[in-house]
Structure formats: structure tokens, C-alpha cells
Amino acid sequence: KLGLLNVPLFMFQERHDPVAKAAFTELSRLSGGAYCQFDSASADQLKELLKAVAIYAAGGLKALQDFSAVASSGVKLIEQQLRK
């Protein structure tokens, strides 16, 4: 339903759980959002991923693409998923 309402889900997963990954990936895909896994020791990575979502929410895909040009690979992954 969220995909039909144009409400993208941004799912971030700490650590590795294949069942959770499959569910989060599918929910993100169906809603038009994005999924990214991060290391539990990386608070900075999570901070950057959340910043990317805020940039997307405020400025759309173009703003995220601009941020992605100077950001980490996780942000680039989010941007690539949203372009699909």
C-alpha cells in the first residue's frame, strides 16, 4: 500500500540476518524506497545514511544525487536504488 501512496520505505539493517535482509529488501523495493546494510560499529555510517534520507525528503532525487557525489558507498547505493 505504501508504494501505491508514493511513501518510500528506507530500511537500514545492522549486522547480517538473511531473513531480515530479504524482507527489508522486498519492502523497500515494493514501496519505491531503498535498503542498506551497515556495520554495527559504524555510527558515522548510520548518521550519513539518515542524512541522505533527510536530503531526499527535503530536496528530492536531484539533491540526493548531488550529496551522493561526495558521500560514502552506502549513500550511493541508496541513490542508485531510487533511480530505478
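Across the options 53, 63, 20, the greatest Cα extent toward the positive end of the charge dipole of region 10-83 (unit charges at beta carbon of Lys, Arg, Asp, Glu) belongs to 63.
Local charge sum around residue 11 (other residues, Cβ-Cβ under 14 Å, Lys/Arg +1, Asp/Glu -1)? Combined, the nearby Lys, Arg, Asp and Glu give 0.
Which value does Rg/Rh take for the chain over its C-alpha atoms, Rh per Kirkwood?
Ratio value, two decimals: 0.95.
Going by average Cβ density within 10 Å per residue, which order do the peptides 47-56, 18-27 take, highest to lowest?
Packing order, densest peptide first, comes out as 47-56, 18-27.
For region 39-54, backbone phi angles converted through the Karplus equation (6.51, -1.76, 1.60; θ = phi - 60°) give residue-by-residue couplings of 6, 4, 8, 10, 5, 5, 5, 4, 4, 5, 5, 5, 5, 4, 5, 5 Hz, Gly and Pro being listed as x. Build a GNM of the chain with springs between Cα atoms under 10 Å apart, and of 60, 32, 74 the one that fluctuates most is 60. Could you work out the relative contact order of the chain? I mean the mean sequence separation of Cα pairs under 8 Å and 6+ apart, divided by the number of residues, in percent. Computed over the chain, the figure is 27 percent. For region 61-75, the Karplus equation 6.51 cos²θ - 1.76 cosθ + 1.60, evaluated at θ = phi - 60°, returns couplings of 4, 4, 5, 5, 4, 4, 5, 4, 4, 10, 9, 6, 5, x, 5 Hz by residue, with Gly and Pro reported as x. For n ≥ 4 DSSP H runs only, could you compute -39500 (n - 2.57) per run for the chain, divide by its residues and tell me the 222 nm figure to the nearest 500? Helix-only estimate at 222 nm: -20500 deg cm²/dmol.
Rounded to the nearest 20, the size of the Cβ-charge dipole of region 10-83 about its Cα centre is 180 debye, with Lys and Arg at +1 and Asp and Glu at -1. Please list, in order, the residues from region 33-61 whose amide nitrogen is less than 13 Å from a point placed 7 Å along the Cα→Cβ vector of residue 20. Output list for this probe position: 36-41. A Förster radius of 25 Å, combined with the Cβ-Cβ distance separating residue 70 from residue 1, puts the computed FRET efficiency at roughly 0.10. For residue 13, the amide hydrogen comes within under 5 Å of the amide hydrogens of 36, 37, 38, counting only partners 5 or more places away or on other chains and with H modelled in the peptide plane.
We did not get these values from a lab; they are worked out from the coordinates using the rules stated. These numbers were taken from a predicted model, which means no experiment stands behind them. Please note: Cβ atoms are built from the backbone with ideal geometry, for glycine as well, and neighbour counts cover all protein chains shown.
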